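The values are calculated or read from the model by the stated rules, or taken from the named source; none is laboratory data. Please read all numbers here as calculations on a predicted model, not as lab measurements. Neighbour counts are summed over all protein chains in view; Cβ atoms, including those assigned to glycine, are modelled from backbone coordinates with ideal geometry.
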Amino acid sequence: MSSVMDPESSLELVQRAAAGDTEALERLLARSIPALTRWARGRLPGWARDLSDTQDLVQETLVHTLKHLPRLNFEREGAFHAYCRQAVMNRIYDEQRRVRRRPVQAELADNVVAGDASPLEETIGQEALGRYEAALAELRDVEREAIIARIELGQTYDEIALALGKPTRDAARAAVQRALVRLAAKMNHGG
């Protein structure tokens, strides 16, 4: 993520793109695809991947979302990205269901060694991700957005300050730290 902040908010770009501004649409995509791909990476289990990878899934989801952009109403900074994250998560669930319905059948040579995580490692990873997602869902909206912006999207504290309406980068840093402490408590103790 660059250290130079884009002076235009995502909300402004969404509104301009919805009104037909192609330059705003391109800037919105350039900003959204890498961030959503980073966020989605690891949420699509290896066993559910086939010809489509995470970036393809993100791009397909964004294309579908952008078709409906003029009918969607985003009233605050970060709402578009939150909507897109949920849409990507829904696509991941769809992809998992699709793969479970039609398992891939292939014959393997006897000497093939698996390079992916073992079923146990994958299960532990999915359980940890499940605890994280459940704890994240229990947080207040502003806490959830702070964590997602910093940890999952890799945004700078300046960007987080803008998105959350914080007066300074230090205020954004403090908000992220407080949210992470609450998240850890919820993950460790269920509340």
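Considering every residue within the range 90-110, establish whether at least one is modelled with pLDDT of 75 or more and assigned to a loop (DSSP other than H, G, I, E, B). Within the range 90-110, not a single residue is modelled with pLDDT of 75 or more and assigned to a loop (DSSP other than H, G, I, E, B). For the range 15-28, the candidate set comprises residues that are outside any loop (DSSP other than H, G, I, E, B) and among the acidic types (Asp, Glu); within that set, the residue that is modelled with the highest pLDDT is 23.
Take residue 65 and decide whether it is at pLDDT 85 or above, touching a Cys at 6+ places or on another chain (Cβ under 7 Å) and not assigned by TED's automatic domain parsing to the domain that holds residue 147. Criteria met by residue 65.
Test residue 182 against the stated conditions and say whether it is part of a helix (DSSP H, G or I), at pLDDT 85 or above, more than 29 Å from residue 12 (Cα to Cα) and not assigned by TED's automatic domain parsing to the domain that holds residue 15. So residue 182 passes the test. Listed conditions (1) surrounded by 15 or more Cβ atoms within 10 Å (Cβ to Cβ); (2) under 16 Å from residue 38 (Cβ atoms) are all met by residue 129, apart from (1). Scanning the range 139-160 for residues that are assigned to a loop (DSSP other than H, G, I, E, B) and farther than 19 Å from residue 41 by Cβ returns 139, 140, 156.
This table checks each residue for (1) over 22 Å from residue 135 (Cα atoms); (2) crowded, with 16+ Cβ neighbours inside 10 Å; (3) in contact with a Phe, Trp or Tyr (Cβ under 7 Å, 6 or more places away or on another chain).
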site	(1), (2), (3)
147	no, yes, no
161	yes, yes, no
165	yes, no, no
175	no, yes, no
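Pairs are defined by a Cβ separation below 8 Å, a sequence spacing of at least 6 or placement on different chains, a first member in the range 151-177 that is on the phi > 0 side of the Ramachandran plot, and a second member that is buried (at least 21 other Cβ atoms within 10 Å of the Cβ) and part of a helix (DSSP H, G or I); the pairs so defined are 154/35.
Yes/no matrix, rows are residues, columns are (1) surrounded by fewer than 18 Cβ atoms within 10 Å (Cβ to Cβ); (2) modelled with pLDDT of 75 or more; (3) closer than 22 Å to residue 153 by Cα; (4) among the charged types (D, E, K, R):
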{"position": "13", "(1), (2), (3), (4)": "no, yes, yes, no"}
{"position": "30", "(1), (2), (3), (4)": "yes, yes, yes, no"}
{"position": "33", "(1), (2), (3), (4)": "yes, yes, yes, no"}
{"position": "51", "(1), (2), (3), (4)": "yes, no, no, no"}
{"position": "54", "(1), (2), (3), (4)": "no, yes, yes, no"}
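Scanning the range 64-78 for residues that are in a helix (DSSP H, G or I) and within 22 Å of residue 8 (Cβ to Cβ) yields 65, 66, 69, 70.
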